[in-house]
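Q: Sharing a structure with you now.
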Amino acid sequence: MSFLPMPEAVRTSLLSRRWRNLWSSTPYIRIDDQDFMDDGKLKKFGDRLLLLRDGSTSLDEAWISVHHVADRTMCYEWIRHAIVHKARLLHVSGFVLLDGTAMFPSQHLKTVRLQYNLLRYGFFRPLNCDCPVLEHLELEHCGLWDLKEISSRSLKALRIIGCHIFDDLVICASNLTHVSIIDPSCDPGAIVTRDLSSLVTASVSLTSRFHYYKRNTITDHRLLDGLSHATTLELHAPLPEVQTSSSFHHIHTSLDEYICFPS
């Protein structure tokens with residue numbers, strides 16, 4: 001049943017009496033707007049799905065995709081339901097504005113994946129302070145608006161891919177072991193890394209496809225400041241090789257290996 005789209009999983013209740021309620025205890029929910037013709041049917045299905053689901057069964061995964069809906073707030077209740085029912089993985093994809101009201105504290109959430117979301121003030125606070133087992137955070141093609149800091153004692157892996165960062169962002173996570181910062185769109189020096197004492201591998205790419213960030217070069221960024229503990233650093237930067245190597249002189253003393261790929 002886990003391989004079926006959620007509407008198909010619910011339809012298995014028609015097969016026999018024994019199958020009638022099996023779907024309600026599946027350890028996942030997947031709500032995808034591509035399975036529905038209009039927003040009304042999507043919202044009705046999502047709301048009834050959570051209402052009729054067996055609340056005693058914990059969630060392993062909650063996948064919510066709302067790329068083509070007019071009401072971007074309809075998934076707020078679905079996100080809260082997933083967190084309240086102990087989801088360990090939360091995936092939200094679509095042009096949704098998420099702020100501090102979208103998240104709740106969780107003692108179970110281990111992985112958060114966000115795609116194409118606009119993240120506003122207060123969104124990271126529950127993740128920073130009230131999700132003590134969060135280990136993986138992935139932000140892909142998101143807009144980060146007036147968000148100051150990603151700070152967590154539990155976070156081990158962080159991926160920021162193709163995100164538009166409107167203000168300064170500090171990354172501070174003492175137990176982080178893996179970090180990837182790929183093609184950010186931001187002002188020079190907007191990303192700051194510090195207190196990454198457990199870092200093992202880091203991958204940084206500044207070959208941004210956004211051509212109006214002409215100053216988006218490695219020498220303009222403060223994101224390297226906190227990466228000196230990494231044993232392996234992979235760098236893609238829009239600089240000549242000799243200039244790239246010299247820019248590493250002040251941090252590579254504690255690196256066992258670093259790889260530079262000038263663009």
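Q: I need a count of the residues in the range 204-219 that are modelled with pLDDT of 85 or more and either within 15 Å of Leu137 (Cβ to Cβ) or hydrophobic (A, V, I, L, M, F, W, C) (or both). Break it down into steps so the answer makes sense when it comes.
A: Initial filter on the range 204-219 (modelled with pLDDT of 85 or more): 204-205.
If we keep only those that are either within 15 Å of Leu137 (Cβ to Cβ) or hydrophobic (A, V, I, L, M, F, W, C) (or both) too, we end up with 204.
Residues flagged as modelled with pLDDT of 85 or more and either within 15 Å of Leu137 (Cβ to Cβ) or hydrophobic (A, V, I, L, M, F, W, C) (or both) within the range 204-219 amount to 1.
Q: Considering only residues that are under 15 Å from Phe95 (Cα atoms) and open to solvent by less than 60 Å² (accessible area, probe 1.4 Å), look in the range 46-75 and name the one that is modelled with the lowest pLDDT.
A: Taking the range 46-75 and keeping what is under 15 Å from Phe95 (Cα atoms), we get 63-75.
Still in the running and open to solvent by less than 60 Å² (accessible area, probe 1.4 Å): 64-67, 69, 74-75.
Values: Ile64: 92, Ser65: 90, Val66: 89, His67: 85, Val69: 76, Met74: 79, Cys75: 85.
This residue is Val69.
Q: One residue is enough: does the range 1-10 have a residue meeting the conditions in a helix (DSSP H, G or I) and touching a residue at least 60 places away in the same chain (Cβ under 8 Å)?
A: no
Q: For the range 92-196, give me every one of the strands (runs of 3 or more DSSP E) that falls completely inside it and has 1 or more residues that are closer than 18 Å to Ala82 by Cα.
A: Numbers: elements: 111-115, 136-140, 149-151, 157-161, 169-172, 178-182, 191-194.
Strands (runs of 3 or more DSSP E) meeting the threshold: 111-115, 136-140.
Q: Next up: Taking the range 14-47, which residues are among the hydroxyl-bearing types (Ser, Thr, Tyr) and either in contact (Cβ under 8 Å) with a residue 24 or more places away in the chain or touching a helix residue (DSSP H, G or I) at 6+ places or on another chain (Cβ under 6 Å) (or both)?
A: If we filter the range 14-47 for residues that are among the hydroxyl-bearing types (Ser, Thr, Tyr), which is where we start, we get 16, 24-26, 28.
Hits for the range 14-47 are Ser24, Ser25, Thr26, Tyr28.
Listed here are the residues, each with its yes/no results for (1) open to solvent by less than 50 Å² (accessible area, probe 1.4 Å); (2) under 24 Å from His68 (Cα atoms); (3) out of contact with any strand residue (DSSP E or B) (no Cβ under 7 Å at 6 or more places or on another chain); (4) of a type in the set (Gly, Ala, Ser).
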| position | (1), (2), (3), (4) |
| --- | --- |
| Met103 | yes, yes, yes, no |
| Ser106 | yes, no, yes, yes |
| Pro126 | yes, no, yes, no |
| Arg153 | no, no, yes, no |
| Ile160 | yes, yes, no, no |
| Leu169 | yes, no, no, no |
| Leu176 | yes, no, no, no |
| Ser185 | yes, no, no, yes |
| Val200 | no, no, no, no |
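The values are calculated or read from the model by the stated rules, or taken from the named source; none is laboratory data. Every value quoted in this text rests on a predicted model; they were computed, and no experiment measured them. Neighbour counts run over all protein chains shown; Cβ positions are idealised from the backbone, glycine included. We work out accessible area using only protein heavy atoms, side chains counted, and drop any ligands, DNA or RNA first. Shrake-Rupley method; radii C 1.70, N 1.55, O 1.52, S 1.80 Å.
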